[in-house]
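The next block holds one structure in the form of structure tokens; read it before the comments.
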Amino acid sequence: MSSGLEQQLIDLLTVFLIAGGVGALLAKIGRVPYTIALLLAGFAASIAGLEIDITLTHDIILLVVLPPLLFEGAATTDIDEFRSNFSVMLTLATVGLAASIVVVGVVSTRLLGYSLLLGLLFGTIILPTDPVSVLALFKQVGAPERLSVLVEGESLLNDGVAVVIFSALLALVEAGDSAADLATLEGIAELAGGIIFSAGGGAIVGLAAGYLIYRLMANLDEHMTEIILTVVLAYGAFLVAEHYLHVSGVIATVAAGLLIGNRGREYAMSPQTKTAVFNTWETAAYVVNTFIFLLLGVKTPIRQIIAEAELLLPAVVLVLVARAVAVYPLTEIANRFSDANVPRNYQHVLVWGGLHGSIPIALVLGLPEAVGPRQQLRVLVFGIAAFSLVIQGLSMKRFLRAVGVETSGKEEELYNLLLTRAKAVDEALDESERLHERNLIRTDVYERFQREYGREKEELNTVIRDLLEAEPALLKQELLQSERRVLHAEESAITDAELSGQLSTELAEDLIAEVHQKQARLDRGETTVTSDIEREGYREFWRERATAFGLDVGEDVLDETAMEELTDESGSNTSPLDDETEGAGTD
């Protein structure tokens, strides 16, 4: 007779055995995202009566499953894209989420017969999004990076805010309060204050913990130890924030992941450590997703869902409408009053791609018995999650095509392959130089590395140049991406000048506003690189710029004599700024 532990191990092995079969099948078919295929396999196992006695609980999802998924997602997010889109993502994850919750709450009073407070709680449970399946498909079809960042970034922030609101509303339900208690000015202020405190506190905890681990990693060069440190960070930040400081563990883990995945990757990891750390987290996320999606399928109460179909179908429509009510108006407002510029087809994807998975399941499983219709809520949440993951997830590829989202073709795939190889060659050259400086390889070996990789680098640069000449669209894409990074550096330099007192706040704001205008043009696919600064127009150009920023520039400033002296001193028709730029480019 098997002991309890042995049975748990057998069940766990059964889960991964099914997952292995699904993976082998997909290797041959390759048309369905892995996570959705696992969910369908779980449904099949449930219908077939396969017993897998692993209890899916609120704590297992939040404490075991969620931290690695959040950390891996944040660590692999491009911080520049995240920063560029932060305002619209934050708006959707706060104001948008609140608006959607209100829509679900109000309609639920008529549709489901719930009290307003219970309807709001239902909205808070079901509206957090899970982008795993969508992002896997985005990667498969080559969807634009900005769209991926918008979907994932909004989801990461959305999850943290939703958990905070859920805790506040659940406390009111357990206390026997009504929505009228929440609708007072004091109630709204208390809820908003709690959200700000929890989210802000979580961000501080995550950044502080992330910085501590970052400093430790910067002084280490042992990839196994650094992997362990990132595991400690992912779970430690969540636990310390959530259970000891009572702030958002979700936001803490996301903040820590963003710091380690960007600053840590660039400044604290050797090439070997980067490969080891990110491969480990990719594997961890894969294993955790395998576990959670298969179990979601197995534990979905299919018969009860069928019995509640009359309520479930309107509830599915309600959740989609509530999502749309938030996304379309708020993104349009953000487009009008900021440099967000989220295209309409991206807005469609944000609505249809707002899948609901592990967070809603975790929250509904955490409902106490004091919540009356707990069983019905479980059926509705599992049913809506199943619909969104299967129907919306499987239709996403066609949906992208229908709304006109451009996906990468063969030329772009080749270009990305060449760029990745070129980056790998640069890393190899840098690493061989570092090893040589530390006397870890002989000079003749170092010179051989430099010759071989140097030759490959030249060949790659030639091929990339030829490809860009043959494909103007790729050249424009590279130009836009490069400009975006340059503009971030420009904005950072202006901010530094303001902080050091070299520039007044008013002028700094004007300069930054111009940078934001350029960024808005980039978002519309327009390059900001022009040939305005020609030799003959140099004086007029800078006089216009100076006047625009409130400086009184007379005729004696930048006159022809001064320009001639400047030219004579430099010995060419370039400015000192051009010389400095030229020199910087020869490294």
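The values are calculated or read from the model by the stated rules, or taken from the named source; none is laboratory data. Just so we're clear, the structure is a prediction, and the values are computed from it rather than from any experiment. Don't worry about glycine lacking a Cβ; one is built from the backbone with ideal geometry, like all the others, and counts go over all protein chains shown.
Does Ile292 satisfy being over 27 Å from Val250 (Cα atoms) and touching a residue at least 40 places away in the same chain (Cβ under 8 Å)?
On the way: over 27 Å from Val250 (Cα atoms): no; touching a residue at least 40 places away in the same chain (Cβ under 8 Å): yes.
So Ile292 fails the test.
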#### Entry: Residues (at pLDDT 75 or above and of a type in the set (Ser, Thr, Tyr)) located in the stretch 178-210
Ser198
### Message
With the requirement that a residue be more than 14 Å from Glu72 (Cβ to Cβ) and polar (S, T, N, Q), what does the stretch 244-303 give you?
### Response
Ser248, Ser270, Gln272, Thr273, Thr275, Thr300
### Message
Please count how many residues of the stretch 467-482 are farther than 19 Å from Glu406 by Cβ and under 22 Å from the mean Cα position of the chain (by Cα).
### Response
1
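Tell me which residues, restricted to the stretch 245-278, are polar (S, T, N, Q) and out of contact with any helix residue (DSSP H, G or I) (no Cβ under 6 Å at 6 or more places or on another chain).
Taking the stretch 245-278 and keeping what is polar (S, T, N, Q), we get 248, 253, 262, 270, 272-273, 275.
Selection gives Ser270, Thr275.
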### Query
If a residue has to be at pLDDT 85 or above, of a type in the set (S, T, N, Q) and either surrounded by fewer than 17 Cβ atoms within 10 Å (Cβ to Cβ) or closer than 30 Å to Tyr114 by Cβ (or both) to count, how many in the stretch 266-299 make the cut?
3
### Task
Please indicate, with yes or no, whether at least one residue in the stretch 459-480 is of a type in the set (S, T, N, Q) and modelled with pLDDT of 80 or more.
yes
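So is Leu511 aliphatic (A, V, I, L, M), at pLDDT 80 or above and over 25 Å from the mean Cα position of the chain (by Cα) or not?
On the way: aliphatic (A, V, I, L, M): yes; at pLDDT 80 or above: yes; over 25 Å from the mean Cα position of the chain (by Cα): yes.
Yes; evaluated as a whole, the condition is true for this residue.
Mind checking whether some residue in the stretch 500-519 is farther than 27 Å from Ala340 by Cα, surrounded by 15 or more Cβ atoms within 10 Å (Cβ to Cβ) and hydroxyl-bearing (Ser, Thr, Tyr)? Talk me through it step by step, then tell me what you get.
Taking the stretch 500-519 first, the residues farther than 27 Å from Ala340 by Cα are 500-502.
Still in the running and surrounded by 15 or more Cβ atoms within 10 Å (Cβ to Cβ): none.
The answer is no; no qualifying residue exists.
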### Failed item, numbered, when His223 is tested on (1) more than 21 Å from the chain's Cα centre (by Cα); (2) assigned by TED's automatic domain parsing to the domain that holds Pro373; (3) not aromatic (Phe, Trp, Tyr)
(2)
### Message
Give all pairs with beta carbons closer than 8 Å in which a residue from the stretch 454-467 that is of a type in the set (Lys, Arg) meets a residue that is surrounded by 12 or more Cβ atoms within 10 Å (Cβ to Cβ); count only pairs at least 6 apart in sequence or on separate chains.
### Response
Lys457/Ala422; Lys457/Val425; Lys457/Asp426; Lys457/Leu429
### Task
All but one of (1) polar (S, T, N, Q); (2) farther than 23 Å from Glu266 by Cα; (3) surrounded by fewer than 17 Cβ atoms within 10 Å (Cβ to Cβ); (4) at pLDDT 85 or above hold for Thr407, so report the exception by its number.
(4)
### Leading residue by the ranking (modelled with the lowest pLDDT) among those in the stretch 305-338 that are under 19 Å from Thr94 (Cα atoms) and either polar (S, T, N, Q) or part of a loop (DSSP other than H, G, I, E, B) (or both)
Ser338
### Task
Quick one: Ile213 ticks every box in (1) under 19 Å from the mean Cα position of the chain (by Cα); (2) modelled with pLDDT of 90 or more except a single one, so which number is it?
(1)
### Query
If you go through the stretch 289-296 one residue at a time, do you hit one that is within 30 Å of Phe122 (Cβ to Cβ), of a type in the set (S, T, N, Q), part of a loop (DSSP other than H, G, I, E, B) and in contact with a Ser or Thr (Cβ under 8 Å, 6 or more places away or on another chain)?
no
### Odd one out for Ser338, checked against (1) polar (S, T, N, Q); (2) surrounded by fewer than 15 Cβ atoms within 10 Å (Cβ to Cβ); (3) not assigned by TED's automatic domain parsing to the domain that holds Val65
(3)
